[in-house]
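Each remark here refers to the structure printed beneath this line.
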Amino acid sequence: LVQLRTGHAPLNKHLAKIKVADSPMCPTCEQREETVHHYILMCEEYQTQRDALRARTTARMLNLRALLNNPKHVVPHLFRYIAET
């Protein structure tokens, strides 16, 4: 959770910055940089999992701030999204 909040998660944007990945681009969709925001909220390849996340929470919770800062009600569902993707 801390890695997601700080942008230091093992996603290509961060990995390229620390020279562990060759490119910051999303390896799944190859359309945008793989940032926390892109991975959780935007990548089209994960739409099915995102829809499930939305169903388990509420539509208003599908913003990055709410997803990363609501440990009791949202974070377990966010971690399930991560496991599913």
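Annotations for the structure displayed:
- For the chain, the carbon plus sulfur part of the accessible surface works out to 52%, probe radius 1.4 Å.
- Two-site FRET efficiency, Ala66 against Gln3, from Cβ-Cβ distance with R₀ of 22 Å, rounded to 0.05: 0.80
- Under a 5 Å amide H cut-off, with hydrogens placed 1.01 Å from N, Met25 pairs with Glu34 among residues at least 5 apart or on other chains.
- Net charge dipole size for the chain [Lys, Arg +1 and Asp, Glu -1 on Cβ; Debye, nearest 20]: 500 debye
- Percent RCO, i.e. relative contact order, over the chain, from Cα pairs under 8 Å lying at least 6 residues apart: 20 percent
- Average accessible surface area per residue within the chain, 1.4 Å rolling probe, Å²: 64 Å²
- Put His77, His37 in order of accessible area, highest first, and with a 1.4 Å probe you get His37, His77.
- Principal-axis analysis of the Cα atoms of the chain puts helix 47-56 at an angle of about 30° to the longest axis.
- Once the Kirkwood radius over Cα pairs is known for region 13-73, the Stokes-Einstein relation at 20 °C and 1.002 mPa s delivers a diffusion coefficient of 169 µm²/s.
- Whether region 1-42 is rounded, prolate or oblate, judged on the alpha carbon gyration tensor where a/c under 1.5 counts as rounded: oblate
The values are calculated or read from the model by the stated rules, or taken from the named source; none is laboratory data. Computed from a predicted model, the values in this text were never measured in an experiment. Glycine also receives a Cβ, built like all others from the backbone with ideal geometry; neighbour counts cover every protein chain displayed. We work out accessible area using only protein heavy atoms, side chains counted, and drop any ligands, DNA or RNA first. Shrake-Rupley method; radii C 1.70, N 1.55, O 1.52, S 1.80 Å.
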